[in-house]
Amino acid sequence: MAAILMTVNLEEGMPTVPQAQSRLIAELGRARASGAKAVKLIHGYGSSGVGGKLKIGVRQFLSTKKRQNKIQTFVAGEEWDIFDEESRRLLADCPDLAKDRDLGRGNPGITMVLL
């Protein structure tokens, strides 16, 4: 059985935003092909100067993909909480994500994506 959640570390190798977005396209395709329902993106939050740009670029990219109906939704790590409406939507589709260690921690270095 395929994993419900796939984790992708986009900050590995200190990529530029375009490099990270290219990798994100490939990883989302791979996640879909494997049958994953959700992807946890690790992009950092800016402490090194790179994560901030990655975080912004990744979330802008995901916003476009959501408008194009290429993904169902995404939740910024700082909003990833049982009290957030989009988080509850993700949890309703993938109840196993309630075990995610970042749920409720306000982690700005991640983004959760519902495929």
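List of remarks:
- Search result, residues across the stretch 59-77 that are of a type outside the set (Lys, Arg) and either crowded, with 16+ Cβ neighbours inside 10 Å or in contact with a Lys or Arg (Cβ under 7 Å, 6 or more places away or on another chain) (or both): PHE61, LEU62, ILE71, GLN72, THR73, PHE74, VAL75, ALA76, GLY77
- Count of residues meeting criterion [in a loop (DSSP other than H, G, I, E, B) and among the aliphatic types (A, V, I, L, M)] in the stretch 25-74: 3
- The test for being closer than 24 Å to GLY29 by Cβ and in contact (Cβ under 8 Å) with a residue 40 or more places away in the chain holds for GLY44.
- If you check SER63, SER47 for being more than 15 Å from ILE4 (Cα to Cα) and at pLDDT 95 or above, only one passes: SER63.
- Contacts under 9 angstrom Cβ, first residue in the stretch 3-30 being in contact (Cβ under 8 Å) with a residue 60 or more places away in the chain, partner part of a helix (DSSP H, G or I) and acidic (Asp, Glu), 6 or more apart: ILE4/ASP96; LEU5/ASP96
The values are calculated or read from the model by the stated rules, or taken from the named source; none is laboratory data. From a predicted model like this one, the values you see are computed outputs, not experimental measurements. Cβ atoms come from the backbone with ideal geometry, glycine included; neighbour counts cover every protein chain shown.
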